[in-house]
Amino acid sequence: MSKSYVTAPDAEAENDRRIRVIFIGGARYTTPLDTTSAKKFRALQGLVEPFVIGFAQDFRPRRFTENAHFYLLPQLPLAILRYAEIVAAGLCLTGWLISRHDVQVVVAQSPYEGFAAAWAKKIANRLGYKVTLVIESHGDFVESIFLQRHILFPGLYSLLMRWVARFTLRHADVLRVISHSTKQQLEHWVSGKPIYQFPTWTDIDMFLQAGGEETEGAGQHILYAGVLIPRKGVHYLIDAFANIAQHCPHVSLILVGHAANKTYVATLQEQVGRLRLAGRVQFVDQVPQQELAAWMRNACVFVLPSTSEGLGRVVIEAMATGLPVIGSRVGGIPGMIENGTTGFLVSPGDVPALAERLQWVLAHPAEAQAMGRRARAFAEHFFSTAAYVHGYRRIFAAAQAFLTGQGDKHADTPL
């Protein structure tokens, strides 16, 4: 693996005073870090010394330091191979970091990545190391995978997933969720463990800044942004757009996101052709956050038609740019959209209702812009870097309490 180090003056002395934490998950990172990731770990660096186990953007493993110590695994082509990789390599790397760098806290992105972390903790404890395990839940970890892609032998797969999740959660000391719905799910799986709730990271300042820039009236496109997989419900959005397209000849639909499920994307493209929307629907590959903010600034409405969603961070990002948002009434989305005030909520898969709300936004530009201004004010209040860091400060305080045998068994309330 290649090495490159970017360190601040007196970093070594500062590191000695901070707790060392491993973050392990399936996130992909660039080298150097993109602006948003760099800002995130710079914020966390003031709180802990972070070690990150994740994936590179290609087949080449990488090791480097930039606001955190990164150990990136090769990006293998199949999800099942990547999971086997994160379990095997993640277990080895986590164990090595615990013994080599005296890491005391391990944070896993989900109960599945947490399987490697749980085993590493179990082995480390046997060898005399004290380690606290924090398991996060960023969405429905039971059913959502079956809404993302076709799974062979789904019954067997489900049994294995549930066994892995139970093992991981049994060995967890502290839990973190991002919405009320993810908290409810975890409470059905485990009890008597502290749960801390706060949103996932977003570079809110970038989107707020984009929303503060002057534009000439309302935009002329409807926007979706997110990975292109079945559970995001993009096919419902295309159907809804088809229902209003003839009445709004100057409006287009922009779909921004990574084609994670090639079969699904091909189905969407066939749907666009069948509905005679060629030239009215544009597919845009995943873009950097700054470019996404520009797409949002020039849209008239943002739509997230998911059938399952943990929080829907992109909703907050769209709101921050001053966009009204139409979202499904699932997961954490209803906790962010005030129906009729900052946007609209519709039942997942309800194409006529979605079309009706799109038609309203397009027919009432002044009212929609006022809705967007209220959404922007909400987003600014809902998320901040300070609140994000404060959420982790509370988690790491609880983790240290476990290390001293004074672990808190009380559930947390949302920040």
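The values are calculated or read from the model by the stated rules, or taken from the named source; none is laboratory data. Values in this document were obtained by computation on a predicted structure and should not be read as measured data. Don't worry about glycine lacking a Cβ; one is built from the backbone with ideal geometry, like all the others, and counts go over all protein chains shown.
Looking only at helices (runs of 4 or more DSSP H) that lie completely in the stretch 175-250, which have at least 3 residues being at pLDDT 95 or above and more than 15 Å from the chain's Cα centre (by Cα)?
Details: elements: 180-189, 204-212, 234-245.
Once the helices (runs of 4 or more DSSP H) in the stretch 175-250 are filtered for at least 3 residues that are at pLDDT 95 or above and more than 15 Å from the chain's Cα centre (by Cα), what remains is 234-245.
Taking the criterion of being surrounded by 15 or more Cβ atoms within 10 Å (Cβ to Cβ), in the same structural domain as Ala398 (by TED's automatic domain parsing) and not in a helix (DSSP H, G or I), would at least one residue in the stretch 162-171 satisfy it?
no
Out of curiosity, is Val251 crowded, with 20+ Cβ neighbours inside 10 Å, in the same structural domain as Arg313 (by TED's automatic domain parsing), in contact (Cβ under 8 Å) with a residue 60 or more places away in the chain and of a type outside the set (Lys, Arg)?
So Val251 does not fit the description; no.
Across the stretch 94-114, what is the number of residues that are over 16 Å from Ala27 (Cα atoms), in contact (Cβ under 8 Å) with a residue 12 or more places away in the chain and not hydroxyl-bearing (Ser, Thr, Tyr)?
8
Mind checking which residues of the stretch 47-74 are part of a loop (DSSP other than H, G, I, E, B) and among the small types (Gly, Ala, Ser)?
Those that are part of a loop (DSSP other than H, G, I, E, B) and among the small types (Gly, Ala, Ser): Ala56, Ala68.
Scan the stretch 125-161 residue by residue and report those that are among the small types (Gly, Ala, Ser), over 20 Å from Gly233 (Cβ atoms) and assigned to a helix (DSSP H, G or I).
Result: Gly155, Ser158.
Testing His180 on (1) within 30 Å of Ala299 (Cα to Cα); (2) outside the structural domain of Gly372 (by TED's automatic domain parsing); (3) in contact with a Ser or Thr (Cβ under 9 Å, 6 or more places away or on another chain), one condition comes back false. Which one is that?
Condition (3) is where His180 drops out.
I want to confirm something. Restricting to the stretch 358-380 and keeping residues that are over 16 Å from Ile337 (Cβ atoms) and among the aliphatic types (A, V, I, L, M), which single residue is surrounded by the most Cβ atoms within 10 Å (Cβ to Cβ)?
This residue is Leu362.
Would you call Leu354 under 15 Å from Ala299 (Cα atoms) and either in contact (Cβ under 8 Å) with a residue 24 or more places away in the chain or of a type in the set (Val, Ile, Thr) (or both)?
When the stated conditions are applied, Leu354 does not pass them.
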